[in-house]
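Where a number appears in this text, it was derived from the coordinates with a stated rule and is not lab data. What you are looking at is a predicted structure, and each value in this text was computed from that prediction instead of being measured. Every residue, glycine among them, receives a Cβ derived from its backbone with ideal geometry; neighbour counts consider all protein chains shown.
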Amino acid sequence: MSKSSSEQTRKIFAHVALVLLSVMFVLPLLWMLSTALKPTPETMTSPPRWIPSQFLWGNFAKAVAYGSKELGYIPFLVYARNTIIITILSVGGAVLSNSIVAYSFARIKWPGRDLFFGVTLATMMVPFPVTMVPTFALFKWLGWVGTFKPLWVPAFFASAFSIFLLRQFYRTIPMELSEAAKIDGCSEFRIFTDIIAPLSRPALMVVALFTFMGSWNDFLGPLIYLVDQQTFTLSLGLQAYQSQHGGTEWNLLMAASCLVIAPVIIVFFLAQKVFIQGIATSGLK
Amino acid sequence: MSKRDSRVGILFATPWILGFLIFLTYPLVASLLYSFTNFSILRPPKLIGLQNYNELFHDEVFYKSLGNTLLYVAGAVPLSTVVAIALALLLNTKVKGMSIYRTMFFLPTLVPMVALGTLFSWVFNGDFGLLNEAFHKVHVTPPNWMGDPTWAKWTLILISIWGCGQAMVIYLAGLQDVPVSLYEAAELDGAKVWAKTINVTLPMISPVILFNVVMGIIGSLQIFAVPYVMFPGGAPARSTYFYSSYLYDNAFQYQRMGYASAMGWVLFIITLALTLIALKLSEKHVHYESS
């Protein structure tokens, strides 16, 4: 009896703590949305208004159309298009390359494989700034600086983290499946495309999602490689917008931020289960 | 291991073998070589021996940015680790609506760095920011978050808590793998909640903690985008000028790519050293299931 009542108190305590904490975590996002919908004077009231007196959905249009006078086009839509192009190419490249490379690491035996896999894992520790300068010099030499290529071509060459994730998954598929297929005369490539890849859809989804996030959110890459404002991505555009425009019209700035965040949040809600599972497995040794 | 298998295996691994050579091995070796040169996009590399390193170790801005970065790591990594574990423990109490809470804690990690910086420069805004309004409500004078050199760094450390959702999800998965029988045994011995957490839960998830801490250190050492957006130029008084900011400026603003490469290698060595220290310190405390 006493045990169940202490259990009860604990549950209540946990609930209260969770409610308070989750409110704290979500509040800034709600604040952003609320600010985005306000008329400018209402962003500067004390105490702050949570519910705008009128919902100015037009703020989103204004944020998007910002700069159209000087530049003669709507930068945010161009930025969105650029980001989408880079993201789609990166996701496609990452799924294609990682799925086949991880297959080799997980299901084919070749000399030096496990050693190379160990080295591959260790490369996750190499900080990006170390390789930044020579990589830039390489792309400069190829004449790719100022184009999207430096931002998506590397995705076609796989990455340690995605190889690791997919390998973990492939290894859970019984080898007997491959052996049976081999007896039936299937080539390794056919086994990969017809048996293993279809079974691995959730894991491939995780790689696609992580690549999507990384590409959509990337800031340093575009900052280094994109020169012309016409080629900017959303992250870069938002930063430019903030530095030119910040501190005055917070409502438009927050509206622009909402537009950058919204696609990621939508994709997350569409694939929430796969996503959370994927992150959970990334912590396994 | 047949010859055929080997051929096919290596063929399938080719994209990564190339990627490994072109985008990792080559840049690593090249940046080490560049670090001994004077080099910019306009000038071809010219060998100058150890001059870059020599200059680096006498460069005040280098020390300032390194100090800022280490302070940030020392603040952000422990703080977000504790919060992430606490959140995961709370979520693991089998409360109703667990997945909804988990989603809410996780949402902030989806926000792109630039949007995050923009949003928090508004939340921490001195005049009309959300946070200061909360302070005023309880009649406490808020600190000058973004204008005071000490507080500016704390602002960034506090923001790092907001992004601990990813680690939290990993901890939660680890917690759910702890065998129930262990808790039952502890209960038989009369262990209370706290004792169970300390003696059963934490040791059982210690490999996960180590993984997250190491990844946290590596990531935090590279902090760049959020301060770039929130504190242009590392203001106030260079208190938010971080290692990567200075490295970036050397490479792309001052056209000193040799110097930037030397900084890159120093960062690499610092990263390795801190990782090794973390591994070494944890040796006695991390419990691996022998299976």
>> Shape verdict for chain B, please, from the Cα gyration tensor: rounded (a/c under 1.5), prolate (a/b greater than b/c) or oblate.
In response: oblate
> Placing +1 at every Lys and Arg Cβ and -1 at every Asp and Glu Cβ, with all other atoms neutral, what dipole size does the range B:1-110 have around its Cα centre, in debye to the nearest 20?
Replying inline: 600
> Quick one: net charge of A:Pro52's neighbours, Cβ under 9 Å, K/R +1, D/E -1?
Replying inline: +1
> In debye to the nearest 20, how big a dipole does the range B:91-233 give about its Cα centre with +1 on each Lys and Arg Cβ and -1 on each Asp and Glu Cβ?
Replying inline: 140
>> I'd like to know which of B:Trp16, B:Leu267, B:Tyr34 lies farthest towards the positive end of the charge dipole of the protein assembly as shown, counting +1 on Cβ of Lys and Arg and -1 on Cβ of Asp and Glu.
In response: B:Trp16
> Taking only C-alpha pairs under 8 Å that are 6+ residues apart, what is the relative contact order of chain A in percent?
Replying inline: 29
>> I need the phi-derived Karplus couplings for the range B:101-107: 6.51 cos²θ - 1.76 cosθ + 1.60, θ = phi - 60°, integer Hz, Gly and Pro marked x.
In response: 4, 4, 4, 5, 5, 7, 3
>> Where in chain B is the longest stretch that carries no GluC sites (Glu not before Pro) classed as loop by DSSP and with at most 13 other Cβ atoms within 10 Å?
In response: B:1-282
>> Neighbour counts of other C-beta atoms within 10 Å: give me B:Val178, B:Val140 arranged from fewest to most.
In response: B:Val140, B:Val178
> Which of these, B:Ser31, B:Ser99, B:Ser160, has the largest mean-square fluctuation under a Gaussian network model of chain B (Cα springs below 10 Å)?
Replying inline: B:Ser99
> Which shape class, rounded, prolate or oblate, goes with the protein assembly as shown when its Cα gyration tensor gives a ≥ b ≥ c as root eigenvalues, a/c under 1.5 marks rounded, and past that a/b bigger than b/c marks prolate?
Replying inline: rounded
>> If the only charges are +1 at each Lys and Arg Cβ and -1 at each Asp and Glu Cβ, what is the size of the charge dipole of the range A:81-223 around the Cα centre, to the nearest 20 debye?
In response: 240
> For chain A, rounded, prolate or oblate, judged on the Cα gyration tensor with a ≥ b ≥ c (square roots of eigenvalues), a/c < 1.5 rounded, else prolate if a/b > b/c?
Replying inline: oblate
> For the range B:166-171, what does the Karplus curve 6.51 cos²θ - 1.76 cosθ + 1.60, with θ = phi - 60°, yield as ³J(HN,Hα) per residue in whole Hz, taken in order and with x for Gly and Pro?
Replying inline: 5, 4, 4, 4, 5, 4
> All other residues with a Cβ under 14 Å from the Cβ of B:Ser6 taken together, and with Lys, Arg as +1 and Asp, Glu as -1, what is their net charge?
Replying inline: +3
> Just B:Tyr248, B:Tyr171, B:Tyr183 to compare: in a GNM of chain B, with alpha carbon springs under 10 Å, which one fluctuates most?
Replying inline: B:Tyr183
> Taking H as built 1.01 Å from N, whose amide H comes closer than 5 Å to the amide H of B:Thr37, not counting residues under 5 places away?
Replying inline: B:Ile48
> In whole percent, what relative contact order does chain B give with Cα contacts below 8 Å and a gap of six or more residues?
Replying inline: 30
> Summing +1 for each Lys or Arg and -1 for each Asp or Glu, what net charge is found among the other residues whose Cβ lies under 15 Å from the Cβ of B:Tyr63?
Replying inline: -1
> To the nearest Å, what is the center-to-center distance of the range B:130-209 and the range B:1-80, using C-alpha atoms only?
Replying inline: 33
>> Show me, for the range B:242-252, the HN-Hα J-couplings you get by feeding each phi into the Karplus relation (A = 6.51, B = -1.76, C = 1.60, θ = phi - 60°), rounded to Hz, glycine and proline as x.
In response: 9, 3, 5, 5, 5, 4, 4, 4, 4, 6, 10
> Out of A:Ala203, A:Ala240, A:Ala102, any idea which swings most in a Gaussian network model of chain A, alpha carbons joined below 10 Å?
Replying inline: A:Ala240
> For A:Leu165, A:Leu29, B:Leu182, B:Leu47, what's the fewest-to-most ordering of other Cβ within 10 Å of each Cβ?
Replying inline: B:Leu47, B:Leu182, A:Leu29, A:Leu165
